[in-house]
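The values are calculated or read from the model by the stated rules, or taken from the named source; none is laboratory data. These numbers come from a predicted model, not from an experiment. Areas reflect the complete protein model, heavy atoms only, side chains present, ligands, DNA and RNA absent. Shrake-Rupley method; radii C 1.70, N 1.55, O 1.52, S 1.80 Å.
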Amino acid sequence: MSNQYISSQSRVQHSSFLNDGQTRTYHLDVVQHPQRTAEFGSASLSRLPLAPPVVVQLTVRDRFGNSIIPEMELPFLIAHLSLFTDDGSRPLDMGTSPNGEAPPRRLLYGNLVSSPQKLRDLQGRLGLYFLFPDASIRWRGRFQLGISLLRISETNASGTMSIASQGTVLAQARTRSFDVYAHENYVAPPITRLTQSFLRQGARIHAFTPNGP
């Protein structure tokens, strides 16, 4: 896979202030899209993750338009995956097998929630990234993934953050469409340079070689 997915960004500033969330803007950019995986059907123990792993960059800007890393807010920011049809028009929580014999079951499986990690891109620029190395699809087909950024905190009058009863959606993004093959027809794509770079930086991510599970 080429590295056209690496987007440019300005110099990042670190921020420890608990500013009002309305003074900040949040943007998600999928910088590594999944290409394919194999269906796992009912064999959840032998499932394979989407390859390459989904990587989403988070850009936070203050009211002046400066790119910042909101240190105090990071523990309360998460990204969540959801599954959509190929054209992105309909969410797919449940689905039946291709032959229609199996009862409807959850289609998207694995660790669907990610916390932000501070990593450097291929140009050495520091950024915030959500990684999804453990997402699998139960049945074959063609799909899209949706990514939602949520803040799971609330700020009281004194400026102290605490866990909120319900998350607030701050931004959303979609992947390109990808294919899910029958297990016997699946060939894993090569490991990307971005995945290799993140691994060298100690990112919590798994990589599978094209000839291995």
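Leaving out ligands, DNA and RNA, what percent of the accessible area of the stretch 105-150 is carbon and sulfur, probe 1.4 Å? Don't skip to the end; give the middle numbers.
Numbers: 700 of 1640 Å².
Whole-percent figure for carbon plus sulfur exposure: 42.
Counting heavy atoms of the protein chains only and a 1.4 Å probe, report the per residue accessible area for the stretch 57-200 as a whole number of Å². Don't skip to the answer; put the middle values down first.
Details: 7210 Å² over 144 residues.
Each residue of the stretch 57-200 exposes 50 Å² on average to a 1.4 Å probe.
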